Amino acid sequence: QVQLVESGGGLVQAGGSLRLSCAASGDTFSNYNMGWFRQAPGKEREFVAVVNRSGTGTSYADSVKGRLAISRDNAKNMVYLQMNSLKAEDTAIYYCAADRGFPDINPKRYAYWGQGTQVTVSS
């Protein structure tokens, strides 16, 4: 099993930046593909970005391409989400998730989740 704790959320103006972090503990971190997902009020949880075990492959939702970047540091058991040019529609709770299967955009494929961190973008 792996335990995940997100941090770095907050209130930012539109056009600003935030960097989310997710600290993993427990099992060997490099065994897991890592994803970021988000959930806005009244909406379903949606895929944001995923990075493979080695950090050499990434995939993004169309709505965040060119603005958000996922990365990981296996030596530190950390995964990050750099968020630039933020928009009001990026407001949501952001979750990191881990799974040993294939990198996937479907949240139902992920076995382990953090508690989430709130990101609020004011327009």
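The values are calculated or read from the model by the stated rules, or taken from the named source; none is laboratory data. Since the model is a prediction, treat every value here as computed from it, not as a measurement. Every residue, glycine as well, gets a Cβ built from its backbone with ideal geometry; the counts of neighbours run over all protein chains shown. Heads up: the accessible areas ignore ligands, DNA and RNA and are worked out on the full protein's heavy atoms, side chains in. Shrake-Rupley method; radii C 1.70, N 1.55, O 1.52, S 1.80 Å.
With every protein chain in place and a 1.4 angstrom probe, the accessible-area ranking of PHE102, PHE37, largest first, reads PHE102, PHE37. Calculated translational diffusion coefficient of the chain (37 °C, 0.692 mPa s; Stokes-Einstein with Kirkwood radius over alpha-carbon pairs) equals 233 µm²/s. Here's the list of lysines a cross-link from LYS65 could span, going by alpha-carbon distance under 17 Å and ignoring same-chain residues fewer than 8 apart: LYS87. Give me the percent of the accessible area of the chain that comes from carbon and sulfur atoms, probe 1.4 Å, all protein chains in place. Here it works out to 47 percent. With every protein chain in place and a 1.4 angstrom probe, the accessible-area ranking of SER21, SER30, largest first, reads SER30, SER21. All other residues with a Cβ under 13 Å from the Cβ of ALA24 taken together, and with Lys, Arg as +1 and Asp, Glu as -1, what is their net charge? Its environment carries a net charge of 0.
Solvent-accessible area of TYR60, all protein chains in place: 50 Å² (probe radius 1.4 Å, heavy atoms, ligands and nucleic acids excluded).
Convex hull volume of the C-alpha atoms in the stretch 1-51, normalised per residue: 112 Å³.
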